[in-house]
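I have placed the structure first, in the form of structure tokens, so that the comments after it can refer back to it.
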Amino acid sequence: MTKPEIAKDIELEEQIKCTECKSEHLVRDYQRGELTCRTCGLVIDENQIDQGPEWRAFDAEQNERRARGGSPMNPLVHDKGLSTDIAWSNRDSYGNVVPSKNRSQLYRMRKWQNRTRANNSADRNLALALNELNRLASKIGLQRQVRETAAMLYRKAVQKNLVRGRSIEGVAAATLYGACRQCEVPRTLDEITKASNATKKEVGRTYRYISRELGLNLMPASPVSYITRYSRELGLSGKVEDAAIKILQEATESELTSGRGPTGVAAAAIYLASVVYNQRKTQKAIADTVGVTEVTIRNRYKELTEYLSITAAVAA
């Protein structure tokens, strides 16, 4: 038996055992079409069907070129990318330019193809919503993981008929905010609302409704998740960033963050850490970067300095 044949030794999903020695180590020999026991050599089945491709490949490029499998499903497209598409290149399958007399026919085919891809109201709503999700995510600068999570949340909302009577912009912004919370990406409701055409009140109300109906049970955003982002935007060093995280950890243990806005507490911790390490940033500069008021920073700063041992908090 050759080495490639021995390499095909597998644990069969059906848990077939040898009738003689009860061994589970079976070998598929596709050249002979046999299933044999590796322990005692008994031929268990002699009519095996080769489930692999009929072609051979000698390198990775050839294997990829000859493979007939399509691209993976894409949740960011309303049909998950499973339907066909007619390209706008006006070239046939051989790469030749389509004659001008046939271009009008190709245009009509392309137009009806696009129409049939979204032939009902749910598909049309999903197509518009996913385009809006991609636009919002690109404007805010969110990665693909957050976009796919938001797309899946929107699909669940459509399946449960939660989008009826609500604007596409509002639901799209609400699901994107929920995806940021799920993926622990530090984005505030104000940032998402500013990029959207919906109001903050509408997005917040829609988010609470969808979160309740879908049973998301998301925990409140942690102030620590905002530290890295805002520290780098302010140009602070890694020492200040680490000190701010330690301050927030001690504040959380002392329950000083309960009932406070996470961005306000994070801004106060950053300001306090910058003072300790003599990299002071003005309260106005921090407030403009974080998106809170200077009064909020001062109030949270007083609470932190009053109830915490700052020396212990920032100690390495």
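The values are calculated or read from the model by the stated rules, or taken from the named source; none is laboratory data. All values reported here derive from a predicted model rather than from experimental measurement. Reconstructed Cβ throughout: ideal geometry from the backbone, glycine too, with neighbour counts over all protein chains shown.
Considering the stretch 81-115, the residues that are at pLDDT below 75 and surrounded by fewer than 10 Cβ atoms within 10 Å (Cβ to Cβ) include one that is nearest to the chain's Cα centre (by Cα), namely THR84. Number of residues in the stretch 165-197 that are closer than 17 Å to TYR226 by Cβ, in a loop (DSSP other than H, G, I, E, B) and either without any contact (Cβ under 8 Å) to a residue 40 or more places away in the chain or in the same structural domain as GLU233 (by TED's automatic domain parsing) (or both) equals 1. Of all residues in the stretch 225-251, those satisfying the criterion of being among the charged types (D, E, K, R) and closer than 17 Å to VAL185 by Cβ are ARG229, ARG232, GLU233. Being over 21 Å from SER225 (Cβ atoms) and in a loop (DSSP other than H, G, I, E, B), is that true of even one residue in the stretch 128-141? There is no residue in the stretch 128-141 that is over 21 Å from SER225 (Cβ atoms) and in a loop (DSSP other than H, G, I, E, B). You will find that of VAL203, VAL224, the residue that is within 25 Å of the chain's Cα centre (by Cα), modelled with pLDDT of 90 or more, more than 17 Å from THR305 (Cβ to Cβ) and aliphatic (A, V, I, L, M) is VAL203 and no other. Scanning the stretch 270-289 for residues that are more than 19 Å from ARG187 (Cβ to Cβ) and in a helix (DSSP H, G or I) gives TYR271, LEU272, ALA273, SER274, VAL275, VAL276, GLN283, LYS284, ALA285. Here the stretch 249-259 is the region considered, the condition is being modelled with pLDDT of 85 or more and surrounded by 17 or more Cβ atoms within 10 Å (Cβ to Cβ), and the residue that is nearest to ASP288 (Cα to Cα) is ALA251. Just one of the numbered conditions (1) among the small types (Gly, Ala, Ser); (2) over 28 Å from PRO262 (Cα atoms); (3) surrounded by 17 or more Cβ atoms within 10 Å (Cβ to Cβ) is not true of ALA151; which one? Just one mismatch for ALA151, condition (2).
Within the stretch 209-253, the set of residues being in contact (Cβ under 8 Å) with a residue 40 or more places away in the chain, in a loop (DSSP other than H, G, I, E, B) and closer than 23 Å to TYR277 by Cα comprises LEU234, LEU236, SER237.
Look at (1) part of a loop (DSSP other than H, G, I, E, B); (2) at pLDDT below 75; (3) within 32 Å of the chain's Cα centre (by Cα) and you find that ARG65 fails only one, number (1).
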